[in-house]
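> Next up is a structure, given as structure tokens.
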Amino acid sequence: MKKNDVLTLKIEELNNLGYGVGFAGGKTVFVSGACDGDTAKVRIIKDNRTYAVGRAEEILSPSPDRIAPACPVSAACGGCAYASVSYAHEREIKRKTVENALRREGFSGIPVETVVSDGRIEGYRNKAMIQLGVSREGRILSGFYAPKSHRIVPSSGCRLQPPLFSAIADAAVSFLEENRKGEKAGAPLPIRCLYLRCAESGDTSLVTVTRSEGIGEAKSLTAFLCGRFPSVTTSFYNVNDGEDSTVLGRESVLLSGPGYLEDVLCGNRLKISPSAFYQVNRPMAERLYQKGRKLLSLTGKETLCDLYCGIGSIGLSMKGDFSRLVGVEIVPDAVRRAAENAAANGVINAEFHCGDAGILTQSLSLRPDAVILDPPRKGCSAALIEYLTDTLSPEKILYISCNPATFARDARIFCAHGYSFDRVYPFDLFPRTGHCEVVTLITRA
């Protein structure tokens, strides 16, 4: 096999990056533009020692699960890994992804339940980071970064987000086009990104991310957008001069409004700051947290420790079920909001601490009966798991994860330290994308 060879391949799988997976000459071949069940003519565009990458040039026999993508730029954007298959099939792929992650860590007998979904696959995202830039022809454009690059794929009307976000982005492009006339052709755009988040009420926060030299332009653009869209109830500018993929710089400067959004989740009214973590699919987050509450089945007498607590949304969703709630979070603003949210919802037996979960937990002298873990995609550190199991030794650990692979890895470590779990529940908070949330209850043996 070599570059530019054309092969006829049966596509066996569809991975979470949207590549069909076939096999030829003892190698795995990742094929763009193909899905599982297809038979396709594939041109090899990259050949490595253990795998190859190809492009589907012709679908000879389409998969019975294949559909026409709803978005014209889904292939270039890469955000909707499962745009070419039915949603029913996508859910089954995600269930098998969780199953395979567990199998790789030695859990071949753990049941994985059907993926829970409310059926909504469009307009569910309450957050978007819309990139702004200048095309080679000198036109202002908005959209999303292509996979593994800083090249903007122009996109207006992303079907995963509410129409308001696209309208704001389009208005921003028009404003910048009009107000940057006369500038040197090809001059870089100091304004980098529009960071948008909305509540169920429609209230929206806007952060205009800019380089240092564009602060004045960012203020003007933000004022224009706030005047044009009354649903933008709070706004900021944020300076980010870095060259990495981090969206926000250290500080967001308030320009208008209260500096937070308010949303209702599991009956609690929550204040949400721009830098705070908040699930992008609120209705499905409610279902997920309700399942977690049912799995924990607390009596109201327990001390509950919520690690990676963010603004307190998971722990507070269980109010009335514990005698004491202790939250740990590394983002200072999120900790402040968590305390405010607890007070605003009448939860007086809650406290929140700022610091790394793996370090701070060891200094709090806790003896929790139950622990909630909702770590970032990289999962928990082995040191934290060992401290939880060998020193704190809670009876119950509710583990919520957005990465089945790191969840399965961490579950193996828990089991090596005397804990067990009997089944896993996937929840689809990110339809059409390659991501899937899981929850399970890990108990002390």
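The values are calculated or read from the model by the stated rules, or taken from the named source; none is laboratory data. Just so we're clear, the structure is a prediction, and the values are computed from it rather than from any experiment. A quick note on method: Cβ atoms are made from the backbone with ideal geometry, for glycine too, and the neighbour counts reach across all protein chains shown.
> Need at least 3 residues that are in the same structural domain as SER252 (by TED's automatic domain parsing) and over 21 Å from ALA70 (Cα atoms) per element, so show me which strands (runs of 3 or more DSSP E) inside the stretch 106-214 make the cut, counting only ones lying wholly within it. Before the answer, list the steps.
On the way: elements: 127-134, 140-145, 152-154, 191-198, 204-210.
The qualifying strands (runs of 3 or more DSSP E) are 127-134, 191-198, 204-210.
> Anything in the stretch 119-144 that is more than 18 Å from THR208 (Cβ to Cβ) and among the hydroxyl-bearing types (Ser, Thr, Tyr)? List them, or say none.
Answer for the stretch 119-144, where residues must be more than 18 Å from THR208 (Cβ to Cβ) and among the hydroxyl-bearing types (Ser, Thr, Tyr): TYR124, SER135.
> I've got another one for you. Which residues, counting only those in the stretch 386-402, are crowded, with 19+ Cβ neighbours inside 10 Å, more than 23 Å from the chain's Cα centre (by Cα) and among the hydrophobic types (A, V, I, L, M, F, W, C)?
Answer for the stretch 386-402, where residues must be crowded, with 19+ Cβ neighbours inside 10 Å, more than 23 Å from the chain's Cα centre (by Cα) and among the hydrophobic types (A, V, I, L, M, F, W, C): just LEU388.
> Of the residues ILE93, ILE140, ILE130, ILE121, which single one is over 23 Å from GLY18 (Cα atoms), surrounded by 15 or more Cβ atoms within 10 Å (Cβ to Cβ) and among the hydrophobic types (A, V, I, L, M, F, W, C)?
After applying the criteria, what remains is ILE140.
> Could you please find all residues in the stretch 303-332 being within 20 Å of the chain's Cα centre (by Cα) and either among the charged types (D, E, K, R) or not assigned by TED's automatic domain parsing to the domain that holds SER393 (or both)?
Scanning the stretch 303-332 gives ASP306, GLU329.
> Taking the stretch 406-428, which residues are of a type in the set (Ser, Thr, Tyr) and touching a helix residue (DSSP H, G or I) at 6+ places or on another chain (Cβ under 7 Å)?
Hits for the stretch 406-428 are TYR419, TYR425.
> Does the stretch 376-383 contain any residue that is assigned to a loop (DSSP other than H, G, I, E, B), on the phi > 0 side of the Ramachandran plot and touching a helix residue (DSSP H, G or I) at 6+ places or on another chain (Cβ under 6 Å)?
Within the stretch 376-383, one or more residues are assigned to a loop (DSSP other than H, G, I, E, B), on the phi > 0 side of the Ramachandran plot and touching a helix residue (DSSP H, G or I) at 6+ places or on another chain (Cβ under 6 Å).
> Continuing with this model, one more query. Report, by residue number, each residue of the stretch 291-300 that is touching a residue at least 60 places away in the same chain (Cβ under 8 Å) and under 18 Å from ASN349 (Cα atoms). Step through it out loud before you land on a result.
The first filter runs over the stretch 291-300 and keeps only residues touching a residue at least 60 places away in the same chain (Cβ under 8 Å), leaving 291-292, 295-296, 298.
Matches in the stretch 291-300: LEU298 only.
> Of the numbered conditions (1) in contact with a Phe, Trp or Tyr (Cβ under 9 Å, 6 or more places away or on another chain); (2) farther than 11 Å from CYS309 by Cβ; (3) assigned to a helix (DSSP H, G or I), ALA334 fails exactly one; give the number of that condition.
(2)
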